[in-house]
Structure formats: structure tokens, C-alpha cells
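The values are calculated or read from the model by the stated rules, or taken from the named source; none is laboratory data. Just so it is clear, the structure is predicted and the values come from calculations on it, not from any experiment. Neighbour counts are summed over all protein chains in view; Cβ atoms, including those assigned to glycine, are modelled from backbone coordinates with ideal geometry.
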Amino acid sequence: MENYVITISRKFGSNGHAIAGEVSRMLGIPVYDRSAVEARVSQLMPETEDVSDDLDIVDSEETVQKSETGISILKGLFRRESRESVQDPGQIEFDRQCEAIRQLAAEGPCIIIGRCADEIFMDDPRALHVFIYAADDVRLKNSVEMLHTGEEEAKALIQNEDRAREAYRKRFAKHAGDEIFGRHLLIDSGRFGVEESAKILFEAAEYLFGEQ
């Protein structure tokens, strides 16, 4: 297959990570989440100040100019940061992550979880944008099982994560309140389960990107 990227946005507790992992196995391509993106940022500029604590929200995403010389762009970006001391540290971190995501995708086919990657690759013809969701009772059940906690604690966590992700997209995404805009597939993981949801996504990727 030629180079392509699958972006997965998801509701907390909808098993988005599990589905992404299964699709990764089926397609034989890597999956990158928040920790992987932040690790790439650290590898590119290990001596830069960490401003991730200024983002007390789950995801940050916005489109940055694509370049084949991503490292030089990062260095130029950080030099500009030193001249613009009043620049929003959250926006700085967001821009760093955007460029790191573009570099990861340039290395080969991959899956990006969250990070507003659907916005970054909105106009890329070799991108498949997916939104995974589930009913509230399913999300609660999944969260209880995943976190080994009680229902009240899980409910509180779901509410906090929903608010955080909404704030993150509102801050960095152009269509923050629209879960349909720009998405090619919406999958109810509560209806299909992890394995069948992964199969749907795998078949969509094969249809769009498979060798003719």
C-alpha cells in the first residue's frame, strides 16, 4: 500500500484504543497516541521546555504547514518562541505536536489516536477519518471494567474527560462542536464490539488504500 494515515477520534470509554490496536495488528502498521506523539516531540527537541502542563485538556490539534524538512521547521518554530515571550504556551505545545504528527505520518502508513489529527490531515486525500462512540451505559460499563473502579468514580471520570476533550477541540479545532464534519466513518462500538468495529475499519482502509 502507498502511504496513508487513519485518524481515530473517540468518546472516552468507547474502546477506541482497543479498536485502534486491533486495526494496527490487522494492517501491520503502527498506532500513535498522545504519549507517542509527546515522545517524538521530546526526541526532536530534547532541551526545549516542557509546557504540556499548561494544557490541562486531553487533546490538542490544529493544522500546520506540511514540510519534508520537519526538523528544520521545528527549530525555526522554537527560535520564534524565544522572540515571542508572550506567546501562548499551550499553542506552542500544540504546534510542536502537529509537526511531530506530520513527521510520524511521513514515515509510513499509520494510525493516529486523538491529537486533533483529523484537522491536521483534513485535506489529505490519503487520510481516513474515523469517530468511535458508544451509548453512555456502554461507556460506563467499559470504564468500570477498564479502570477496576466503582460506577460513581467512573461516571465522574467520564464527565471530566468529556469536558476536557470538548475544551481541547474548542480551543484548537475549526469545527469543535461537530462530530460529523470531516469524518468518513462513525462507528458505534457498543453495537459492534471491538473486533467487528476493527474489521469495519480494516475493510474501509483496504477499500480506500489497498493495492488495485
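Checking every residue in the range 53-65 against the condition of being out of contact with any Ser or Thr (no Cβ under 9 Å at 6 or more places or on another chain) and either modelled with pLDDT of 50 or more or not in a loop (DSSP other than H, G, I, E, B) (or both) gives at least one match. When residues in the range 141-188 are screened for being without any contact (Cβ under 8 Å) to a residue 24 or more places away in the chain and at positive phi, 1 of them pass. Quickly run through the range 20-37 and pick out the residues that are surrounded by fewer than 17 Cβ atoms within 10 Å (Cβ to Cβ), of a type in the set (D, E, K, R) and under 26 Å from ASP123 (Cα atoms). Hit for the range 20-37 is ARG34, nothing else. Of all residue pairs spaced 6 or more apart or on separate chains, those with beta-carbon atoms under 8 Å, a first member in the range 81-108 that is farther than 13 Å from GLN43 by Cβ and a second member that is aromatic (Phe, Trp, Tyr) and at pLDDT below 95 are PHE94/PHE172. Residues of the range 1-19 that are crowded, with 23+ Cβ neighbours inside 10 Å and in a strand (DSSP E or B): VAL5, ILE6, THR7, ILE8, SER9. Just one of the listed residues (PHE121, PHE94, PHE131) is surrounded by 16 or more Cβ atoms within 10 Å (Cβ to Cβ) and at pLDDT below 95, and it is PHE94.
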